Amino acid sequence: MADRPRVTLLISNSIDYAADLLVSRLGSNRVFRYNTDLWREYALSFSPAGIEISDPTGRTATDADIAKVYRRSSMRGSVLFPQTRLSDLERYAEEEVHAAWADLFNIFWEQGKIVLSQPLGTLRSGKLQQLAIAPKYFEITPYSFLFNRPDRLRAGTVSVCKSFNFKYADGIGFYSSKVDEGDLDPAQPWFLTEFVDATHDVTVAVVRDELFAFELDRSVFIDETIDWRQSPVRHAHRGWKRVDVPAALQAGIFGFMAEVGQHFARIDFLRNGARHVFLEANYNGEWGWLDPDSTEGLMAKIVHEIDPETPCVSCPRPRW
């Protein structure tokens with residue numbers, strides 16, 4: 001009997017545009033896709049005999065078939081679709097499967113199969129820890145996280161308010177906004193940074209040993225919003241232009257990534273002239289809209305890294 005083809009296990013959800021692009025580029029025969037929001041439609045077995053996963057079409061993958069694992073998303077369906085109401089039994093089942101997958105990621109990681117996106121990367125290094133490390137490598141804007149500290153909210157001072165989790169209610173997004181600190185309720189948690197006067201948003205995709213930088217002109221939307229995600233849709237998706245990364249910024253990015261123990265991220269900056277101010281690193285950030293037609297090298301690099309037929313360079317493992 002012929003050997004079964006090796007595949008990349010792509011952990012995603014059913015509305016993931018970047019995952020769709022990757023399947024189309026690699027070919028469905030080289031990808032086994034597991035959609036976390038549709039977990040009830042899959043069969044899963046883990047025992048001393050090994051791992052076996054079956055998808056809704058009846059296709060099966062075992063740990064012997066899986067050459068690489070790329071985690072785009074591992075969100076519960078109830079988190080992805082918060083309007084969904086689950087019974088206690090349904091919620092229990094979802095939590096059990098989610099917990100099992102958390103451990104399966106650890107097993108695949110120990111096997112050296114986890115590529116690009118490191119499990120629990122953001123939990124190990126979120127916005128506050130990033131900003132504590134970043135001054136070694138970049139300019140940052142002063143920041144604070146305040147809760148029940150009315151004495152630290154400065155009336156008349158205009159700052160930028162951001163969210164760690166983005167959502168604060170079903171279907172409602174918390175975009176970065178300019179606020180007067182005196183208007184904020186001190187009984188609520190606030191993550192604040194100083195406003196940066198910038199002409200461009202810059203985002204740099206770090207794909208292990210290569211950088212892909214793009215920038216967006218802020219003049220199109222700055223009179224209406226400071227958050228490019230709220231700019232006119234066509235500009236937000238098609239206005240990004242590929243740019244070179246200055247040598248000093250390249251060195252800073254690779255130094256920062258080495259210290260946080262990651263080799264895949266999308267790092268955001270604000271630029272004014274030669275000045276780049278660090279905002280945050282998204283260790284599994286969206287990137288598909290930056291190179292949807294695979295003309296800028298980013299898509300090709302990611303496809304190369306996750307292709308089951310190319311050498312596997314697994315994510316760095318932290319020293320616990």
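The values are calculated or read from the model by the stated rules, or taken from the named source; none is laboratory data. Quantities reported herein were computed from a predicted structural model and do not represent experimental measurements. Neighbour counts run over all protein chains shown; Cβ positions are idealised from the backbone, glycine included. Remember, those area values only see protein heavy atoms, side chains included, never the ligands or the DNA or RNA. Shrake-Rupley method; radii C 1.70, N 1.55, O 1.52, S 1.80 Å.
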Practice problem: Could you look through the stretch 241-273, keep only residues that are touching a helix residue (DSSP H, G or I) at 6+ places or on another chain (Cβ under 9 Å) and part of a loop (DSSP other than H, G, I, E, B), and pick out the one that is surrounded by the most Cβ atoms within 10 Å (Cβ to Cβ)? | Solution: Q262
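Please find, within the stretch 107-125, the residue that is farthest from the chain's Cα centre (by Cα) out of those that are in a helix (DSSP H, G or I) and surrounded by 13 or more Cβ atoms within 10 Å (Cβ to Cβ).
Ranking the qualifying residues of the stretch 107-125, first place goes to I107.
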Practice problem: Specify which of the listed residues (R238, R234, R229) is open to solvent by 20 Å² or more (accessible area, probe 1.4 Å) and within 26 Å of Y143 (Cα to Cα). | Solution: R229
Quiz item: Would you pick out the residues in the stretch 258-272 that are over 19 Å from E210 (Cα atoms) and modelled with pLDDT under 95?
Solution: none
Quiz prompt | Sole exception among (1) over 30 Å from K68 (Cβ atoms); (2) open to solvent by 80 Å² or more (accessible area, probe 1.4 Å); (3) part of a helix (DSSP H, G or I) for P135, by number | solution = (2)
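Before we move on, is S73 under 30 Å from S45 (Cβ atoms), touching a residue at least 40 places away in the same chain (Cβ under 8 Å) and open to solvent by less than 30 Å² (accessible area, probe 1.4 Å)? Before the answer, list the steps.
Numbers: under 30 Å from S45 (Cβ atoms): yes; touching a residue at least 40 places away in the same chain (Cβ under 8 Å): yes; open to solvent by less than 30 Å² (accessible area, probe 1.4 Å): yes.
Yes, satisfied.
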Quiz prompt | Filtered residues of the stretch 80-103 (kept if among the aromatic types (F, W, Y) and either open to solvent by 40 Å² or more (accessible area, probe 1.4 Å) or farther than 28 Å from Q118 by Cβ (or both)) | solution = F81, Y92
Quiz item: Pick from the stretch 210-226 the residues that are over 21 Å from S163 (Cα atoms) and out of contact with any His (no Cβ under 8 Å at 6 or more places or on another chain): which of them is most open to solvent (accessible area, probe 1.4 Å)?
Solution: D223
Exercise. Give the residues of the stretch 1-34 that are open to solvent by less than 80 Å² (accessible area, probe 1.4 Å), among the hydroxyl-bearing types (S, T, Y) and under 16 Å from K301 (Cα atoms), sorted by residue number.
Key: T8
Quiz item: Using beta carbons and a limit of 8 Å, which pairs, at least six apart or on different chains, have the first residue in the stretch 167-188 and under 24 Å from D201 (Cβ atoms) and part of a loop (DSSP other than H, G, I, E, B) and the second one open to solvent by 70 Å² or more (accessible area, probe 1.4 Å) and at pLDDT below 90?
Solution: F174/N165; F174/K167; F174/Y168; Y175/R229; Y175/Q230
